[in-house]
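**Student:** My structure is below; once you've seen it, I'll send some questions.
What follows draws every value from the coordinates through simple rules; no lab data is involved. Remember, predicted model here, so these are calculated numbers, not experimental data. Heads up, the Cβs are rebuilt from the backbone with ideal geometry, glycines too, and the neighbour counts pull from every protein chain shown.
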Amino acid sequence: GDSVTQMEGPVTLSEEAFLTINCTYTATGYPSLFWYVQYPGEGLQLLLKATKADDKGSNKGFEATYRKETTSFHLEKGSVQVSDSAVYFCALRDNDMRFGAGTRLTVKP
Amino acid sequence: EAGVTQFPSHSVIEKGQTVTLRCDPISGHDNLYWYRRVMGKEIKFLLHFVKESKQDESGMPNNRFLAERTGGTYSTLKVQPAELEDSGVYFCASSQRGRGQSTDTQYFGPGTRLTVL
């Protein structure tokens, strides 16, 4: 069945460092891909999405490109801030929603 | 516009007790989903309502879990009797279009953290 595998955490970075959180997927159809973020004490928020191959989702300085050839949707940000500290979930949706295990990011000043 | 809300935010109960979680979806969203994240693992699908009907409950772990959505508005998820392994964060989500519409976006609530002692 469909599944999502994402980079295990936790990830700790200094402010202004470059961030990559890897995400790969397995799907039989043509899923949409998502990144959700959960800030401390809050619920899941949609960060960005891409609905077809080669689409790039972007929001708040984060980007991810839907790569069908490598079945990947890696999350990147050029310069992280302390306020980016959160848990990040990669997800796909074909028929059902499938999530990765989450990656905890801590950004230190 | 209000987002998805869930109540309570935290619940601590003893093994064998009953707990009822509530979810209020975004107004106008016919589709309502329940998910669970246990022990830092992936978020897993539990079930899906379209209005008041259960569209898919294949993710429900066992018959100790009962979900309802009377009137097609808010939903409740009851765990009776609760077991230790039921501890986790229970998320609710809602969407306009629904399953099979891969471009549809689900909006999540803040979750209810359930601890069974």
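**Student:** Can you give me the convex hull volume of the Cα atoms of the protein assembly as shown, divided per residue and expressed in Å³?
**Tutor:** 119
**Student:** Just checking the output field for B:104-114: average partner chain Cβ neighbours within 10 Å of each residue's Cβ? Mind showing how you got there, number by number?
**Tutor:** Details: counts 4, 6, 7, 4, 8, 3, 6, 4, 0, 0, 0.
For peptide B:104-114, the averaged partner shielding equals 4.
**Student:** While we're on this one: Which of the GluC sites (Glu not before Pro) across segment A:26-100 are loop residues per DSSP, with 11 or fewer other Cβ within 10 Å?
**Tutor:** Within segment A:26-100, the qualifying GluC sites (Glu not before Pro) (loop, at most 11 other Cβ atoms within 10 Å) are A:GLU69.
**Student:** A further question follows. Could you give the C-alpha radius of gyration of segment B:8-117 expressed as a fraction of 2.2 N^0.38 Å, taking N as the number of residues it contains?
**Tutor:** Details: Rg = 13.3 Å, N = 110, 2.2 N^0.38 = 13.1 Å.
Ratio of Rg to 2.2 N^0.38 Å for segment B:8-117: 1.02.
**Student:** Same structure, new question: Which lysines does A:LYS56 reach when only Cα atoms under 23 Å apart count, and residues fewer than 8 places away in its own chain are ignored?
**Tutor:** Within reach: A:LYS68, A:LYS77.
**Student:** If you don't mind, there's one more thing I want to ask. Provide the per-residue ³J(HN,Hα) series for segment B:13-28, in order, calculated from phi with Karplus coefficients 6.51, -1.76, 1.60 and θ = phi - 60°, each as a whole number of Hz, with x at glycine and proline positions.
**Tutor:** Listing the rounded values in order: 9, 9, 3, x, 7, 10, 9, 10, 9, 10, 9, 10, x, 5, 4, x Hz.
**Student:** Per-residue Cβ counts within 10 Å, from other chains only, averaged over A:36-44: what number is that?
**Tutor:** Taking the mean over all residues of the peptide, I get 5.
**Student:** May I pose another question? Given 5 Å bins starting at zero, what is the percent of C-alpha pairs of segment B:1-72 in each, up to the one with the largest pair distance?
**Tutor:** That works out to 3, 13, 21, 27, 21, 10, 3, 0, in percent per bin.
**Student:** Also: In 5 Å bins starting at zero, report the fraction of Cα pairs in segment A:12-105 per bin as a rounded %.
**Tutor:** The distribution over segment A:12-105 is 3, 14, 27, 25, 17, 9, 4, 1, given as percents.
**Student:** May I ask you to derive the relative contact order of segment B:1-105, considering only C-alpha pairs under 8 Å and at least 6 residues apart, and to give it as an integer percent?
**Tutor:** Computed over segment B:1-105, the figure is 33 percent.
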